[in-house]
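Comments concern the structure below.
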Amino acid sequence: MGGASRPPHASTMTRVKICGITNVEDARLAVTAGADALGFIFVENTPRFVTPEQVAPIVRGLPPFVTPVGVFWNHKSGHVKAVAEACGLRALQFHGDETPEDLAGYALPVIKTIKLPPVSTIDGLPEYRIGGFIDALYFRDIASALLLDTTARWSEGEVRATLAWQRIRMVGGRHDHRMHIILSGGLTPENVAEAVSVVRPHAVDVNSGVEARPGKKDPDKIRRFVAAAKGA
């Protein structure tokens with residue numbers, strides 16, 4: 001309040017989003033571990049698809065400063081708004097081929113996913129410079145944050161390749177005030193601290209990297225992931 005100063009680390013600690021939440025037990029586990037946001041995937045025919053009927057009671061039980069995020073993929077705006085209202089979502093994440101114009105009419109903060117090639121596909125290609133990063137420029141004025149993920153299909157339990165973290169620094173990490181970067185793609189409790197130290201993102205996002213199986217989180221992995229991300 002007033003002129004009180006914040007702790008030195010308060011503005012620089014990386015936020016954590018645990019995505020692919022499908023049940024109240026995993027939501028509670030993530031919140032207890034220190035997650036700042038939970039992701040609910042409303043994309044039909046994907047391994048972690050949930051309905052508003054499943055998500056609404058989970059969201060009602062969340063603490064006030066944990067953000068429920070709905071994940072959508074080329075859905076009509078009317079559908080997105082109806083789901084958001086039914087569930088009490090406080091942010092919207094778009095993972096498909098949406099244009100800036102498609103995302104202009106939402107009252108809630110918008111996160112746009114930008115898909116980049118995983119590092120395994122660009123090793124040995126020094127001519128690669130910005131590639132998919134160009135897409136990010138089109139959303140800078142409409143999105144509250146850009147989530148950088150791999151072009152790989154969603155995981156059904158297998159380990160995903162990570163992004164080229166050094167190259168992502170060209171877009172801007174925590175100290176680029178022009179955009180908030182959320183880093184995703186192949187993150188695990190074992191590599192997230194290194195990813196944070198290299199990219200310095202506003203937040204990190206994890207799904208399969210903290211699972212026991214698709215749609216079910218692993219308590220130990222979640223605790224270690226959050227601790228490593230926030231301690232990096």
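The values are calculated or read from the model by the stated rules, or taken from the named source; none is laboratory data. Not measured: the values here are computed from a predicted model. Quick reminder, even Gly has a Cβ in these numbers, built from the backbone with ideal geometry, and neighbours come from all protein chains shown.
Applying the selection to segment 29-44, what residues are part of a helix (DSSP H, G or I), free of Cβ contacts under 8 Å to residues at least 40 places away in the same chain and surrounded by 14 or more Cβ atoms within 10 Å (Cβ to Cβ)? Once the filter is applied, which keeps residues that are part of a helix (DSSP H, G or I), free of Cβ contacts under 8 Å to residues at least 40 places away in the same chain and surrounded by 14 or more Cβ atoms within 10 Å (Cβ to Cβ), segment 29-44 yields only Val31. Restricted to segment 45-80, and to residues there that are surrounded by fewer than 21 Cβ atoms within 10 Å (Cβ to Cβ) and of a type in the set (D, E, K, R), the residue that is nearest to Lys216 (Cα to Cα) is Glu53. None of Leu187, Leu147 is within 14 Å of Pro201 (Cβ to Cβ), at pLDDT 70 or above, within 18 Å of the chain's Cα centre (by Cα) and not in a strand (DSSP E or B) except Leu187.
Would you please name the residue that is surrounded by the fewest Cβ atoms within 10 Å (Cβ to Cβ), looking only at residues in segment 198-232 that are in a strand (DSSP E or B) and of a type in the set (Asp, Glu)? Here the answer is Glu211. Scanning segment 91-132 for residues that are more than 18 Å from Ala161 (Cα to Cα), modelled with pLDDT under 85 and of a type outside the set (Asp, Glu) returns Pro126, Arg129, Ile130.
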